[in-house]
1. Considering only residues that are open to solvent by 20 Å² or more (accessible area, probe 1.4 Å), modelled with pLDDT of 75 or more and either more than 30 Å from Glu256 (Cβ to Cβ) or within 42 Å of the chain's Cα centre (by Cα) (or both), which ones fall in the stretch 270-309?
2. Hey, does the stretch 334-356 have a residue that's more than 39 Å from the chain's Cα centre (by Cα), buried (at least 20 other Cβ atoms within 10 Å of the Cβ), at pLDDT 90 or above and under 23 Å from Phe403 (Cβ atoms)?
3. Looking at the stretch 212-231, which of its residues are small (Gly, Ala, Ser), under 30 Å from Pro423 (Cα atoms) and modelled with pLDDT of 75 or more?
4. If you take just the strands (runs of 3 or more DSSP E) that sit entirely in the stretch 95-206, which of them hold at least 1 residues that are of a type outside the set (Phe, Trp, Tyr) and without any contact (Cβ under 8 Å) to a residue 40 or more places away in the chain?
5. Can you pull out every residue in the stretch 338-367 that is without any contact (Cβ under 8 Å) to a residue 40 or more places away in the chain and touching a Gly at 6+ places or on another chain (Cβ under 7 Å)?
6. Answer yes or no as to whether Gly104 is over 20 Å from Asp36 (Cβ atoms) and open to solvent by less than 70 Å² (accessible area, probe 1.4 Å).
7. Given the condition outside any strand (DSSP E or B), farther than 28 Å from Asn30 by Cβ, touching a helix residue (DSSP H, G or I) at 6+ places or on another chain (Cβ under 9 Å) and open to solvent by 50 Å² or more (accessible area, probe 1.4 Å), answer yes or no: does some residue in the stretch 71-84 qualify?
8. For the stretch 153-198, what are the residues that are under 16 Å from Gly17 (Cα atoms) and of a type in the set (S, T, N, Q)?
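The values are calculated or read from the model by the stated rules, or taken from the named source; none is laboratory data. These numbers come from a predicted model, not from an experiment. Here the Cβ is made from the backbone with ideal geometry for all residues, glycine too, and neighbour counts use every protein chain on show. SASA here: full protein model, heavy atoms, side chains in, ligands and nucleic acids out. Shrake-Rupley method; radii C 1.70, N 1.55, O 1.52, S 1.80 Å.
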Amino acid sequence: MKIRLKLTLLFTALFAGLLLVFALAIYYSNAKDREDQYYQRLRQQAVTKANLLLGAKVQASVLQLIYKNSLNSLPQEEVAVYDTAFHLLYHDAVYIDRVKETRGMIDTIVRQHEVRFYVKDLQAIGFLYPYNGKNYVITAAAKDLDGLSRLRDLRIALVVGFLIAILLTLLAGTLFSRQALQPVSRIVDKVEDITASHLDLRISEGTGKDEIAELASTFNRMLDRLENSFDAQKQFVSHIAHELRTPMAAIIGELEITVGKGHSAAEYEQMSQLILKDARRIVRLSDGLLDLARASYDQTEIAFKDVRLDELLLDTRSAVLKANPDYRVNIIFEREIEDDRFLSVKGNAYLLNVAFHNLIENGCKFSGDHQATVAISFHSTSTILRFTDNGIGIVAGDLTHIFTPFYRGYNKGYAEGHGIGLPLTYKIIQLHRGTLGVDSRVGEGTNFTVELLRL
């Protein structure tokens with residue numbers, strides 16, 4: 001069921017429920033008033049007859065004749081007067097007695113003073129009537145033809161009015177839902193035009209501040225992320241093809257030369273070293289790509305635990321020095337550590353190790369003395385790590401691109417690399433809800449600052 005139809009039916013059902021309650025209240029109120037008024041009229045008619053009978057001493061036969069020909073008599077009217085000993089003193093029409101009074105009924109009326117009831121379609125009332133020191137029991141019954149007719153007309157009017165109101169509500173609800181959901185229809189039509197080859201298209205957000213405008217804005221932001229993801233994927237695939245093609249082509253060329261005849265043992269050894277070097281480049285590139293893919297996972301799919309940053313840095317330092325014996329890495333504490341929690345964060349030890357390894361290795365690799373320093377500090381909510389070197393630095397034009405995958409600046413001729421390390425590090429720090437800043441001066445060195453929320 002479409003939302004438009006669902007809104008229309010829901011709106012109509014709500015209005016129908018309210019209108020039904022209102023109509024029933026009106027009908028019940030009118031029915032109750034009619035009943036009470038007719039009981040009062042029955043009582044008045046009965047009292048008038050009783051006064052003529054008991055006060056004016058009008059004979060019963062004469063009184064019956066008077067009311068039989070009276071224009072004011074009620075339809076099917078029937079009045080009876082008894083004493084408390086159940087002796088009948090007067091009856092309008094004994095031969096058509098509909099109430100059929102009994103001794104038990106008379107006793108009940110005497111006890112309760114007034115009783116109201118129905119005899120088929122006749123309203124009936126019985127009440128105790130004191131006159132000249134004596135008590136009499138009077139019963140009266142009649143049919144309120146006029147009142148019931150008006151009540152029937154009211155019922156018909158309410159039913160017809162209810163049906164007309166529901167029909168109008170359906171029409172109004174249809175127009176209202178169509179008007180209310182028209183922006184959604186426009187969004188749907190626009191979305192139909194957005195494909196993988198037209199991700200640059202966007203939905204009009206208009207000037208409104210309602211939920212539809214928020215939906216369009218949210219959808220546009222999602223399209224921005226998708227477009228960036230597609231562009232990054234295209235660029236990623238292009239760079240991978242380029243980066244893999246070079247070492248693979250070198251390996252093939254070197255193997256073709258190697259399989260030739262007439263080479264000395266020294267030449268074979270030299271070729272093997274070149275092939276091994278290119279193979280290691282491919283391995284490093286593959287490892288970097290796998291780490292980059294892992295850092296791009298959704299945070300909910302990566303295990304986070306309590307991690308001591310000082311211990312992790314010591315492990316990272318050992319791994320860097322083991323792979324590069326000529327490197328030197330210094331770890332210093334800028335402030336005295338009063339609590340272990342100052343150096344503890346919620347994170348993934350493997351990914352943080354990769355990020356710190358890249359920063360330390362870059363600092364050593366691009367420094368003439370192959371030395372880097374890691375300074376540890378903290379403040380009220382965060383732990384701060386500063387990775388500093390005295391290397392060649394980064395030119396201003398490259399600073400805005402160093403976190404772009406496979407980008408390599410002017411220093412690419414200084415040391416080997418693939419342009420994966422810093423983008424990978426940036427993704428890992430972002431994944432841990434931290435920040436990564438950089439400050440560099442050409443010829444003086446570079447300082448990377450990592451800030452992570454501590455426990």
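1. Scanning the stretch 270-309 gives Ala303, Phe304, Lys305, Asp306, Arg308.
2. yes
3. Listed by number, the list holds a single entry, Ser217.
4. 114-119, 122-131
5. Hits for the stretch 338-367: nothing passes.
6. Here the answer is yes, as Gly104 does meet what is asked.
7. yes
8. Listed by number, the list holds a single entry, Thr169.
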